[in-house]
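Nothing in this text is a laboratory measurement; each read-out follows from the coordinates by a stated rule. Quick caveat, the model's predicted, so the values are computed rather than measured. A quick note on method: Cβ atoms are made from the backbone with ideal geometry, for glycine too, and the neighbour counts reach across all protein chains shown.
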Amino acid sequence: MIKAQGLTKRYGGLTAIQDVSFEIAKGEVVGFLGPNGAGKTTTMRILTGYLPQTSGSAAVGGFDMATNARAAKRVTGYLPESPPLYPEMLVHEYLSYVAALHDVPRKERRDKVARALTACGLEKVEGRVVRTLSKGFRQRVGLAQAIVHEPAVLVLDEPTAGLDPLQISEIRELIRRLAAEEGRTVILSTHILAEVDAICQRVLLIAYGRLRLDARLEALRAQGSLEQVFLREVEAAAGPQAKAAGLVEAEL
Amino acid sequence: MNRLLAIAGRELRSMFVTPDAYVLIGVYMLFAGFIFFASLGLFIVQLQQIQALGMMQLLDQWNLQDIVVAQSFSTFALFLCFLVPLLSMRGFAAERANGSIELLLTSPASSGEIVMGKFLAIAALLAVVGVLTGAFVLLLFVYGNPEVAQTLAGLQTLFLYSLALAALCCFISALTRSQIVAGFVGITVALLLLILPVAADSSQSDSLKEVLRWLGTSTHFDPGLKGDIRSEDLAYFGIVIAVCLSLARAAVDSLRWR
């Protein structure tokens, strides 16, 4: 469902990611792990068509981002790091707008909005103004807007950042449920190891703009704790040759 | 088309659930009303003086249309230099500031649809402003009979002029993250274009004079406000709108590269 080949992104002289390649099959739930500034957001922005890559290629749902971005965007649901909300809108109004933006026909919009509201536990606040919602609820609205057009692929950028422990566990539960629906493919970024442990089947580890590791979770657990693997790889990536190559932390 | 209308609809709804549009249009109407009725009052006083002095030959040139309607309309054109930038400064600047631009740019909507959606929303709002302005003139029928055709030509010119400003401000707001900057730059450019013909008069070279005069907005709305719709003026506003909207589209495209 998702295919990245030799993805490289430079901002001026800054190399955010270099030669990142991976492939994600339909129905997989993949954790995109890495320290802050490793290039997670950049990679996700390329996959969602927000940024063009400097070189390499990316395809989502079989549609190449360079040649058929519109079709790729139609099958993708994306929750950016900060949910892209309009504070003055009502929750259901906002979801209906996002559905329209993603080409959901008018007749189906009401149904799909209702489904997204139910899926994300937002029925009680559907008539509220977004501004008045708590951070946890805003994050849910963010998730609801990502799934309202029932995309085959979900891209979630740090979906639990800034939430309290209770909200975190709720959102994780929600993501697990959304991932199980209709064999959806999910890629979610995080720097929290427990999150990957709780939700994902497979891990992609990125550090200093390079993909360091691509493994199934059970294989990793056999090698010791996730934390050990994570630290080992990040330290290895931070080695002197990486610094000499001018790979600098960059996260726009 | 659906996406374009969704964007325009959302934009309009947002304007009406926040006080911004009401306040701005309200203040505009307050000033416009003041100017309009002050000039009407002055007109009536002067008319009485002329009659008292018995200078009947002056009455021929002293008509309601030229003195009250056309004069106030050209003051309204000045007000529009403030109203339109303030109404449209939110446009892209706010989307970028609150991150919702990421939603737009990762949706199937094209940059062109996004720009047209925003422009359409402001155009609808400006149509409301035009209708409200027209309501002043309706009141004139109480006092006399203003020229319907000339008044409509004036309103049409004001509307076209405001659309051109809206397209310009749409472009400016796509260049910045700050609404304040978008608003101020918009007002500045609008005022500069308004007074450009004045600068033209003081220029030495004839060709430069022509160019400056052609670029100035007032060159092209003055005749229309007096009831004279010229195709060259329509072409000018059409060109300004088309150029600014394509620039706005290019600016939105370039957001993807930053």
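Only DSSP H runs of four or more residues enter the estimate; each adds -39500 (n - 2.57), and after division by the residues of chain A the mean residue ellipticity at 222 nm equals -11500 deg cm²/dmol. Along segment A:110-127 the Karplus relation, 6.51 cos²θ - 1.76 cosθ + 1.60 evaluated at θ = phi - 60°, assigns HN-Hα couplings of 4, 4, 5, 5, 4, 5, 5, 4, 5, 4, 9, x, 10, 3, 6, 10, 4, x Hz to successive residues, with x for each Gly and Pro. The angle between the Cα long axis of helix B:111-140 and the longest principal axis of the Cα atoms of chain B comes to about 20 degrees, rounded to the nearest 10. Taken about its Cα centre, chain A carries a charge dipole of about 500 debye when Lys and Arg each add +1 at the Cβ and Asp and Glu each add -1 at the Cβ. Work out the charge dipole of segment B:2-255 with +1 on the Cβ of Lys and Arg and -1 on the Cβ of Asp and Glu about the Cα centre, then indicate which of B:GLN204, B:VAL27, B:ALA190 is farthest towards its positive end. So the residue we want is B:VAL27. Of the residues A:THR41, B:THR75, A:THR118, the one with the fewest other Cβ atoms within 10 Å heads the list, and the complete ranking is A:THR118, B:THR75, A:THR41. Ordering of A:159-169, B:148-158 by packing is B:148-158, A:159-169, highest average first (other Cβ atoms within 10 Å, averaged per residue). May I ask you to list the residues of segment B:179-197 whose amide nitrogen lies under 18 Å from a point 7 Å from Cα along the Cα→beta-carbon direction of B:ALA97? From segment B:179-197, the list is B:179-188. The value for segment A:48-193 of Rg(Cα) / (2.2 N^0.38 Å) is 1.03. Spatial offset of segment B:1-17 relative to segment B:183-258 amounts to 27 Å, using the alpha carbon center of each. With N counted as the residues of chain B, its alpha-carbon radius of gyration over 2.2 N^0.38 Å works out to 1.12. The mean count of C-beta atoms from other chains within 10 Å of the C-beta of residues in A:83-92, rounded to a whole number, is 5.
Relative intensity of segment B:21-85 on a log10 scale, I(q)/I(0) at q = 0.13, 0.23 Å⁻¹, equals -0.45, -0.91, per a Debye sum over C-alpha point scatterers of equal strength in the absence of solvent.
Backbone amide hydrogens, once placed in the peptide plane, bring A:GLY77 within less than 5 Å of A:VAL153, A:LEU154, A:VAL155, excluding anything fewer than 5 places away on its chain.
For a quick check, take a GNM of chain A with Cα springs below 10 Å and name the residue from A:ALA59, A:ALA99, A:ALA114 with the largest mean-square fluctuation. For chain A, modelled as a Gaussian network with Cα springs under 10 Å, the answer is A:ALA114. Which is farthest toward the positive dipole end of the protein assembly as shown among B:SER74, B:VAL129, A:PRO84, measuring Cα position about the Cα centre, with Cβ charges +1 (Lys, Arg) and -1 (Asp, Glu)? Of B:SER74, B:VAL129, A:PRO84, it is A:PRO84. When the convex hull of its Cα atoms is viewed from all sides, chain A shows a mean projected area of 13.3 nm².
What is the distance, in nm, between label points placed 7 Å from the Cα along the Cα-to-Cβ direction at B:GLU210 and at B:ASN145? A separation of 4.4 nm, rounded to one decimal place. Structural descriptor for segment B:2-255: relative contact order 26 percent, calculated from alpha carbon pairs under 8 angstrom and at least 6 residues apart. Taken over the C-alpha atoms, the protein assembly as shown has Rg and Dmax values of 28.9, 109 angstrom.
Taking a 24 Å limit on the Cα-Cα distance, which of the listed pairs A:LYS9/A:LYS112; A:LYS26/A:LYS135; A:LYS3/A:LYS73 fall beyond it?
The answer is A:LYS9/A:LYS112; A:LYS26/A:LYS135.
Could you give the dipole magnitude of segment B:2-255 about its Cα centre, charging the beta-carbon of Lys and Arg +1 and that of Asp and Glu -1, in debye to the nearest 20?
680 debye
With the simple model of a label 7 Å out from the Cα in the direction of the Cβ, A:ARG110 to A:ALA219 spans 5.0 nm.
Does segment B:54-187 classify as rounded, prolate or oblate by the C-alpha gyration tensor (a ≥ b ≥ c root eigenvalues; a/c under 1.5 gives rounded; else a/b over b/c gives prolate, otherwise oblate)? Since a/c reaches 1.5 and a/b is larger than b/c, the shape of segment B:54-187 is classed as prolate.
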